[in-house]
Amino acid sequence: MKSPMSRDGYDRLVAELQRLKEERPRLSRAIGIAREHGDLRENAEYHAAKDRQGLVEARINQLEEVIAIAEIIDPATLGGTRVQFGARVTVVDGESGQRSEFTVVGEHESDAARGHISFKSPIARALIGKIVGDIVEVTTPRGDRELEVLIVRF
């Protein structure tokens, strides 16, 4: 099953994968050096290097799986008036009047701090298919919210 992803998100994951693969030899050397220091049961450097190696290998496996099923979607080729993957959406909260802007992205590239929300998130699921002027109700960790779609652009 393919997983939609933007080119930017895909490129960031590939760069992270490359960086982690380049870290492997350094970790092997660090483990070898720490091993030479004697008793492994009380060797903090050895255990730290082994722990890091385990984390790196787990992340490499995860990234390889995600990249293998990625379907790159270029938002520049999309368009229209409906919210869909790749759309940059401006909404206003009906209660607070606060405006927010979101870009609907793949689940492995979401980053709330950047305003990138996964297409599987509650807000994105509520917004997908909507047009300017539509009002949606969405349940978030901060409670129920009513959002009005103000702008949809790609």
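The values are calculated or read from the model by the stated rules, or taken from the named source; none is laboratory data. The structure displayed is predicted, hence computed values, not measured ones. Using ideal geometry, Cβ is built from the backbone for each residue, glycine included, and neighbour counts are taken over all protein chains shown.
Looking only at the range 68-87, count how many residues are surrounded by fewer than 16 Cβ atoms within 10 Å (Cβ to Cβ) and either within 21 Å of residue 8 (Cα to Cα) or in contact with a helix residue (DSSP H, G or I) (Cβ under 8 Å, 6 or more places away or on another chain) (or both). The number of residues fulfilling the criteria is 9. Among the residues of the range 48-62, some residue qualifies, meaning at least one is more than 14 Å from the chain's Cα centre (by Cα) and within 20 Å of residue 106 (Cβ to Cβ).
Evaluate the following for residue 99: is it over 30 Å from residue 139 (Cβ atoms) and basic (Lys, Arg)? Here the answer is no, as residue 99 does not meet what is asked.
Here's a check for you: in the range 1-28, which residue that is polar (S, T, N, Q) and outside any helix (DSSP H, G or I) is farthest from residue 60 (Cα to Cα)? Give the derivation first.
Initial filter on the range 1-28 (polar (S, T, N, Q)): 3, 6, 18, 28.
Filter once more, so that each one left must be outside any helix (DSSP H, G or I): 3, 6.
Working: 3: 18, 6: 20 Å.
Ranking the candidates gives 6 first.
Considering only the range 113-129, state which residues are within 15 Å of residue 101 (Cβ to Cβ) and crowded, with 16+ Cβ neighbours inside 10 Å.
Quick first cut of the range 113-129, residues within 15 Å of residue 101 (Cβ to Cβ) only: 113-117, 121, 123-124, 127.
Residues satisfying the conditions are 116, 117, 121, 123, 124, 127.
Within the range 122-154, restricting attention to residues that are assigned to a loop (DSSP other than H, G, I, E, B) and at pLDDT 95 or above, which residue is farthest from residue 3 (Cα to Cα)? It would help to see each step written out before you state the result.
Of all residues in the range 122-154, those assigned to a loop (DSSP other than H, G, I, E, B) come to 128-134, 141-142, 154.
If we keep only those that are at pLDDT 95 or above too, we end up with 128-134.
Working: 128: 16, 129: 19, 130: 22, 131: 24, 132: 27, 133: 29, 134: 27 Å.
Going through the qualifying residues, I end up with 133.
Keeping to the range 58-98, report how many residues are aliphatic (A, V, I, L, M) and touching an Asp or Glu at 6+ places or on another chain (Cβ under 8 Å).
The total comes to 4.
Just so you know, in the range 98-154 the residues that are farther than 20 Å from residue 76 by Cα and among the small types (Gly, Ala, Ser) include one that is farthest from the chain's Cα centre (by Cα), and it is 133. Screening the candidates 26, 82, 41, 35 for the property of being under 28 Å from residue 4 (Cα atoms) and of a type in the set (D, E, K, R) yields one hit, 82. Applying the set (1) more than 30 Å from residue 150 (Cβ to Cβ); (2) in the same structural domain as residue 146 (by TED's automatic domain parsing); (3) of a type outside the set (Phe, Trp, Tyr) to residue 89 leaves exactly one unmet item: (1). Taking every residue in the range 40-53 that is closer than 13 Å to residue 29 by Cα and in contact (Cβ under 8 Å) with a residue 12 or more places away in the chain and pairing it with any residue that is small (Gly, Ala, Ser) and surrounded by 11 or more Cβ atoms within 10 Å (Cβ to Cβ), at least 6 positions away or on another chain, the pairs with Cβ-Cβ distances below 7 Å are 45/34; 46/34; 49/30; 49/34.
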